[in-house]
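The values are calculated or read from the model by the stated rules, or taken from the named source; none is laboratory data. Since the model is a prediction, treat every value here as computed from it, not as a measurement. Note: ideal-geometry Cβ built from the backbone for every residue, glycine included; neighbour counts use all protein chains shown. When the accessible area is computed, the model is the full protein with side chains, heavy atoms only, and any ligands, DNA or RNA have been set aside. Shrake-Rupley method; radii C 1.70, N 1.55, O 1.52, S 1.80 Å.
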Amino acid sequence: MEKVQGKRQLQKIATREHIIETAMSVYIAQGFSVPTHTIAQKAGVAHGTIFVHFQTREALLFQALARFADDIGNKLHGLSASNHDIETLLKAHLEIIGENEAFYKHLIHELPNLSLEARHLFVSLNSIASHHFSIALQSGIENGILKQLSTHMTYNTWLGLIHYYLQNSEFFSPNGESVIARYKDDLLNSYIDLIKK
């Protein structure tokens, strides 16, 4: 009996993970307002199965956003632990966003329509990035490489620049290629020129 229950529990966990992964791929392709029956169909499960694992559509979306935030946060933590050079950090930040560009673009486009809990998750994600940015910025200032600048304004300028390009991707990349891939060197070099002494 215990073996059967253990097997069922593992199957339940695997189904939940499969639904989250499928939801993320659907969100990347169609945005966050996609109905749950579309996710269920793509995952190859009954529509009701979604609600066995997630009470609401918003709960599923939150889990997908949490997975995304954890992944980015872990990558930033790993990088920052070994390097405090701001140029290296910003380059990695662009690469991380570039790897997740479609998901991130939907996130910033649809953020005002998301639940308060999801918006708080986005703020938390940016707090992690801002923290590592702050360490690298202070290191650069202390070493005489960077100007004496306000951390929050300097970070928000960087983030605003990235968001501007992503929100206007149809203008910056009309053929549909990655905006980050196309402009990462320009974004990085221009921004570093602004903050360097």
May I ask you to give the percent of accessible area on the chain that is carbon plus sulfur, with a probe radius of 1.4 Å? 53
Sort 155-165, 130-140 for me by packing, meaning the mean count of neighbouring Cβ atoms within 10 Å per residue, highest on top. 130-140, 155-165
Taking the Cα atoms of the stretch 78-180, report the difference between the largest and smallest coordinate on each principal axis, in whole Å and largest first. 40, 34, 24
Using just the C-alpha positions of the chain as equal point scatterers, what log10 of I(q)/I(0) does the Debye formula give at each q in 0.08, 0.15 1/Å? -0.34, -0.95
Compute the distance from the alpha-carbon center of the stretch 42-99 to that of the stretch 146-197, in whole Å. 21
So what does log10 I(q)/I(0) come out to for the stretch 1-52 at q = 0.20 Å⁻¹, using the Debye formula with one equal point on every Cα and no solvent? -0.67
Accessible area per residue of the stretch 68-197 at 1.4 Å probe, in Å²? 52
Nearest 10 degrees, 0 to 90: what angle lies between the long axis of helix 151-167 and the longest principal axis of the chain (Cα atoms)? 60
Ranked packing of 55-61, 189-195, most packed first, by mean Cβ within 10 Å: 55-61, 189-195
